[in-house]
Amino acid sequence: MSCGNAHEAALIARIDARDIAAFEELYRLFHPRLVRFLLTIMHRPTIVEEALNDTMMVVWNKAGSYRGASRVSTWIFAIAYRQALKALRRQDLPVEDRDADTRISDAQGPEQALGLTQANHRLLAAMASLSPDHRAVIDLTYFHGLGTRDIAEVMGCPVDTVKTRMFHARRKLRGHLPGDAADWLWDN
Amino acid sequence: MNVIEGGGRIHEEVQELLPWYITDALDPESKRRVEDHLSACDLCRADLVHERSVGKAVAAMPIDVELGWAQMRQRIGEGRSHQPKRLWSSIVARPHIVPVLLAAQLVLLVSAIVAFTPIARPASYHALGSAPVVASANALIMFQPETQQRGAVQLLREAEARIVDGPTATGALLVHVAPGRRANILQKLKARREIAMAEPIDP
């Protein structure tokens, strides 16, 4: 267990004792990561703010339920993931694209090399075309650096499901980012 | 369904594990199996190069500022605060956490300002046509880069969408569509290959 996690676990213990200073420190620690994670999944800034606060309210109220079996970040991301799905359902937005794994992408790309803005544009558009579940597994892997077991815990599914979701997400993403990676990766 | 071409259980396993090999999140045994297979499989080595690029790009991907800025501008313009009712109830029930939540709101506001600064500009509204436009944007549309102007205009006409602002730095348009038919209109737009993104924006 990392030093960072040990400190976060200590904060959780203090939060369980209703230590507001500890809660504020944890909030500030996790705010940037949660904004990124929730916005990637939900694509709706207005409900990101509410989902983030809902997540932290659960942390405040349920700190005693953290048993130390996983990293604190995994535990909090799992809460955030459930809050995001709840919010999407409240808004009647699709949580899972059931046909996403079998549908053939119709994305077409130009032959010319892409500049910075267009590369960003394409990647954002490609990510937007994925289901929230696929966006979550890609973001948790590449931005937050979680392994398969942690992601399975966050998403409440088996490890094999995480691997399958990631595989299909990558395939779909690749369909929207055609050609050689160097064509659209701006800093190569 | 056999979703992985190339044959062989170890090949399939390595294909699935490549992302976590790249982020060094595999246990030693899995990492060894991946490396053994990579030394013998051209396809997996090629995929590894591509996947590294994808991972690097996703990690560096900016938060979608356009959607956030559209919301922020509306809130600033309307001069109202967005406070969820359930959260307010929680605060009333626990008055001792008010200072924490006030600090949290301040952090969120500062983050939003920092995140949205790159595209900040005067909140003037531009509209097609000569009549003054009072409708606010309730959707964000982004065309594929290769879409011709004529096709874009035709699509907007069919959707009865009125441009409220844009294009933004990434080429997105803020539009107003009939609120009662918004979900249906955006669904139809998303189905068109000329459209890269069609998302609702809540007032």
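Pick from the stretch A:137-146 the residues that are open to solvent by 10 Å² or more (accessible area, probe 1.4 Å) and facing chain B (nearest Cβ under 8 Å): which of them is nearest to A:Leu34 (Cα to Cα)? If we take residues in the stretch A:137-146 being open to solvent by 10 Å² or more (accessible area, probe 1.4 Å) and facing chain B (nearest Cβ under 8 Å), then A:Phe143 is nearest to A:Leu34 (Cα to Cα).
Condition check ((1) over 21 Å from the mean Cα position of the chain (by Cα); (2) open to solvent by 10 Å² or more (accessible area, probe 1.4 Å); (3) farther than 14 Å from A:Val154 by Cβ) across all residues:
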residue: A:Ile12; (1), (2), (3): yes, no, yes
residue: A:Ala17; (1), (2), (3): yes, yes, yes
residue: A:Leu29; (1), (2), (3): no, yes, yes
residue: A:Pro45; (1), (2), (3): no, yes, yes
residue: A:Met57; (1), (2), (3): no, yes, yes
residue: A:Ser70; (1), (2), (3): no, yes, no
residue: A:Thr74; (1), (2), (3): no, no, no
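Taken over the stretch A:9-55, the criterion of being facing chain B (nearest Cβ under 10 Å), outside any helix (DSSP H, G or I) and over 23 Å from B:Ala59 (Cα atoms) is satisfied by A:Arg18 alone. Of all residue pairs spaced 6 or more apart or on separate chains, those with beta-carbon atoms under 8 Å, a first member in the stretch A:128-147 that is assigned by TED's automatic domain parsing to the domain that holds A:Arg171 and a second member that is assigned to a helix (DSSP H, G or I) and of a type in the set (Asp, Glu) are A:Leu140/A:Asp150.
The values are calculated or read from the model by the stated rules, or taken from the named source; none is laboratory data. Not measured: the values here are computed from a predicted model. Note that each Cβ is placed from the backbone with ideal geometry, even for glycine, and that neighbours are counted across all protein chains shown. Remember, those area values only see protein heavy atoms, side chains included, never the ligands or the DNA or RNA. Shrake-Rupley method; radii C 1.70, N 1.55, O 1.52, S 1.80 Å.
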